[in-house]
Every structure is written in C-alpha cells, then in structure tokens.
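Down below is the structure, laid out as structure tokens.
The values are calculated or read from the model by the stated rules, or taken from the named source; none is laboratory data. Keep in mind that what you see is a predicted model, and the values were worked out from it rather than measured. FYI the Cβ positions are ideal-geometry reconstructions off the backbone, even for glycines, and counts take in every protein chain you see. Protein only, heavy atoms only, side chains kept; ligands, DNA and RNA dropped before computing areas. Shrake-Rupley method; radii C 1.70, N 1.55, O 1.52, S 1.80 Å.
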Amino acid sequence: MMLSKLNSIYACFKNDDSIISYKQLASGHINDTFLIETKKNAFFILQQINKGVFKNVPGLINNKVLISSHLQNKNTHLTDDELKRRVLCFVKTLKGYNYHTDNAGNYWNMMIYIKDSVTYDTVKCLDVAYEGGKLMGDFLNLTSDFNTNSLIEVIPKFHSMSFRFNQYNKALCIASKERLAKASAYLGLVEELKDEMHIIEELKASGDIKIRVTHNDTKISNILFDCNKKGLCVIDTDTVMPGIVHYDFGDAIRTICNEAAEDEKDLNKVKFNINYYKAYVNGFLEKMKPELTSLEIKYLPLGAKTMVFIMGLRFLTDYLNNDIYYKTSYSEHNLDRSKNQFKLLESLSSQYKEMDILNSLS
Ligand code: GN1
Ligand code: MG
C-alpha cells in the first residue's frame with residue numbers, strides 16, 4: 001500500500017490533517033489494517049474490510065457502530081478521554097457515513113487508535129487471563145440488553161458445526177493428493193469427535209438458552225490491556241452479531257490457555273494451561289454470572305472444547321482448499337495451525353474434568 005493511496009482514503013474521513021507515517025498491522029488473518037500517524041501527532045486505525053469474506057460490509061460496519069454507541073451510553077460515568085480508551089470510536093467520512101468506498105469498490109473504516117495499549121498473542125501470567133475474563137464478561141454484560149434484531153448476521157452460520165463439517169467434506173473431495181496425505185493423520189480424530197462437537201449447536205437450536213449480542217472473535221489479541229496489565233477495550237468488533245455465550249467464552253479460552261501461539265510449529269510447546277482457564281473463569285463470572293443460567297454455565301467447558309475443535313477443522317479445511325480463506329505466510333501455514341489446535345484439544349481433553357464450572361460453584 002502506498003502512502004499516497006492511504007492519504008487519499010484518509011482525506012475522505014473528517015479531519016484537517018495528513019498522514020506522515022503508517023505501519024501495516026499483520027496480526028489479523030482477513031482484513032488489511034494500518035496504523036497511521038498524522039502531522040498533528042494523532043493516531044488512527046484505517047482498515048480495509050475484506051469484502052470477499054464479509055458479504056455485507058455496510059451492515060457489518062453498522063453493527064460495530066451500533067455496539068460502540070451502546071457501550072458509550074452505558075459508560076457515561078467515564079470522562080470523554082477515558083471513554084475513548086475503553087470503547088472503540090469510529091470516525092465519520094466527510095459525507096457523514098461510517099465507511100468510505102474507494103474507486104475499486106473496497107470498503108474502508110477508521111477508528112481512533114488507543115494509545116499506550118498492549119496486546120498479547122500468548123498469555124504469560126494469571127493476571128492477564130483474569131483481566132481478559134473480566135473485560136469480555138463486561139462486554140457481554142453491557143450488551144445483554146441490546147436488541148439483537150437490530151444486528152445483521154455478518155457471516156451466517158459462522159460457528160455452526162454442521163456448516164463447517166459440510167465445508168470440510170467438500171474440501172476432502174477436491175483436495176490434492178499431496179495435501180490430503182498430509183492431512184490424513186487428523187481425519188480419524190475429526191470423525192471421532194463429530195457427535196460431541198455438535199452438542200453446542202443443538203443446545204442453541206433447542207431455544208433453551210439466550211441469543212445475545214456476541215463478539216465472535218474473542219481471541220486474546222483482540223483484547224487491549226493498559227501498561228499495568230488491566231483490561232482496557234475489546235477490539236475487532238467486525239464479527240459482532242447475535243450468538244450464544246459459549247462461542248465467546250470458548251474462543252477466548254482457546255487462545256488464552258494455549259501456552260504457544262496459534263501457529264507454533266513445535267507442538268511440544270502447545271499445552272492447555274488450566275490455571276489460566278481458572279483465572280479467566282473467575283474474571284468472566286465476576287461480570288457475567290448474574291446474566292447466566294445454570295444451563296449456560298454447565299456447557300461453558302464444552303464451548304471451549306468446541307471452539308478449539310472448530311478452529312482446527314476450519315484451518316484444516318482451508319489447507320485442503322489450497323488456502324483460499326486465511327492469509328498464509330508459507331504453504332503449510334494452515335496445516336500447522338490446524339495441527340496446533342488439535343494438539344491443544346488433546347491437552348485440554350486430558351484436563352477436562354478440572355474444567356467443570358457448575359459443580360465447583362455449588
Ligand atoms: C480470523 O482475521 P481475524 O484474525 O480477526 C477469523 C476468526 C478466527 C481467527 C483465528 C471472519 O480472525 O474466526 O478465530 O482468524 N475471522 C473470520 O485467528 O473468519
Ligand atoms: Mg476478527
């Protein structure tokens with residue numbers, strides 16, 4: 001991306017400034033995200049949303065903006081400056097829209113960058129796990145009175161296991177011999193866990209648990225911390241849509257309790273840290289317990305297992321499909337991510353009894 005191109009996009013958003021430097025942030029697998037610095041020493045995040053993955057970008061942006069305003073209204077006790085550090089703040093275009101469409105038909109949105117914040121790709125201490133739980137719990141609690149009918153379903157069936165199995169089965173049919181051979185060690189495991197991995201979806205379909213506002217990408221790198229490791233702000237709200245608590249709980253646990261990064265190749269380093277799990281649960285329930293039924297709490301551990309599995313399955317599927325969905329840096333990147341998730345699943349499963357929450361509460 002050229003500075004001149006970014007400057008011309010930036011100029012479409014309300015400001016009286018220009019970009020002096022920029023850096024591409026590489027942690028996301030889908031969008032193109034830039035941190036920009038302006039002449040007047042302001043910092044923004046300018047982001048091109050992937051319209052191949054997200055079929056209704058205006059709807060997605062509307063979701064994010066609605067949720068941010070809801071959170072702003074819920075936090076009126078904070079000063080303006082504090083609020084800008086705790087809730088994502090979107091900048092409007094000169095025409096008054098929340099996004100800009102460039103000549104190529106790509107969608108851009110812009111947010112104020114939250115200075116003096118830190119993100120983690122892996123957790124190294126209990127405090128971060130606990131604070132992460134508190135912040136995610138707070139996000140779900142504060143949005144629990146928001147009417148989910150005003151949100152679009154950004155990616156239909158996003159966490160639906162039967163949908164992901166369909167994609168996987170199709171990928172198996174079209175995969176190259178080489179890729180199929182490399183994936184073959186995992187096909188048995190996928191089949192073996194199939195029934196158990198559909199339980200959360202059945203729980204959702206039963207109508208016995210609440211459909212609420214959920215974030216749907218609660219990985220640890222989407223939680224901003226301040227310099228004292230206190231939770232600050234939940235970011236990357238692209239996938240905010242109606243869902244169930246188990247997906248958000250599960251995806252946070254998937255990343256917080258993995259002692260290694262999601263794509264670590266040395267599988268000896270991939271271990272499920274049960275102490276981080278317990279710390280996250282404590283923080284999460286501190287904020288969310290009043291909102292949850294015992295049925296919801298009962299299935300939280302299975303939510304975690306399910307989210308680890310579904311990511312293993314999605315990475316494997318993309319590998320079989322020749323890497324058409326996730327950004328990859330080398331040819332076996334998706335396979336390595338998938339092996340990593342299945343190793344994490346094994347480690348989680350060996351400690352599954354200790355993950356029970358409902359009985360330990362009573
Ligand atoms: C993708 O692009 P990013 O990093 O925000 C993916 C999530 C996965 C995640 C794995 C829309 O998120 O579902 O959990 O990668 N988002 C989409 O790191 O597919
Ligand atoms: Mg995301």
Fill in: Search result, residues across the stretch 189-206 that are assigned to a helix (DSSP H, G or I), in contact with a helix residue (DSSP H, G or I) (Cβ under 9 Å, 6 or more places away or on another chain) and closer than 17 Å to Glu346 by Cα
Leu189, Val190, Leu193, Glu196, Met197
Practice prompt. Within the stretch 106-128, identify whether any single residue is more than 19 Å from the chain's Cα centre (by Cα), polar (S, T, N, Q) and in a strand (DSSP E or B), and answer yes or no.
Written response: no
Worksheet item: Hey, any hits in the stretch 194-204 for a residue that's under 30 Å from Asn62 (Cβ atoms), surrounded by 16 or more Cβ atoms within 10 Å (Cβ to Cβ) and touching a residue at least 60 places away in the same chain (Cβ under 8 Å)?
Response: yes
Discussion item. So Cys227 ticks every box in (1) open to solvent by less than 20 Å² (accessible area, probe 1.4 Å); (2) more than 12 Å from ligand 2 (Cβ to nearest atom); (3) more than 20 Å from Lys298 (Cα to Cα) but one. Which box is left unticked?
Written reply: (1)
Discussion item. Give me the residue from the stretch 318-332 that is away from ligand 2 (no atom under 16 Å from the Cβ) and open to solvent by less than 10 Å² (accessible area, probe 1.4 Å) and, out of that set, farthest from Phe249 (Cα to Cα).
Written reply: Leu320
Practice prompt. Could you list all residues from the stretch 230-260 that are more than 28 Å from Pro58 (Cβ to Cβ), within 16 Å of ligand 2 (Cβ to nearest atom) and either of a type in the set (Ser, Thr, Tyr) or surrounded by fewer than 24 Cβ atoms within 10 Å (Cβ to Cβ) (or both)?
Written response: Thr255
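Whether any residue in the stretch 12-21 is open to solvent by 30 Å² or more (accessible area, probe 1.4 Å), part of a strand (DSSP E or B), acidic (Asp, Glu) and over 24 Å from Cys227 (Cβ atoms) is what I want to check.
No: zero hits.
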Discussion item. What's the total number of residues in the stretch 86-131 that are farther than 26 Å from Asn7 by Cα and free of Cβ contacts under 8 Å to residues at least 12 places away in the same chain?
Written reply: 1
Practice prompt. Test each condition in (1) within 16 Å of ligand 2 (Cβ to nearest atom); (2) part of a helix (DSSP H, G or I) for His159 and report the one that comes out false.
Written response: (2)
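Would you mind listing the helices (runs of 4 or more DSSP H) fully within the stretch 226-337 where at least 1 residues are within 15 Å of ligand 1 (Cβ to nearest atom)?
The qualifying helices (runs of 4 or more DSSP H) are 245-256, 300-320.
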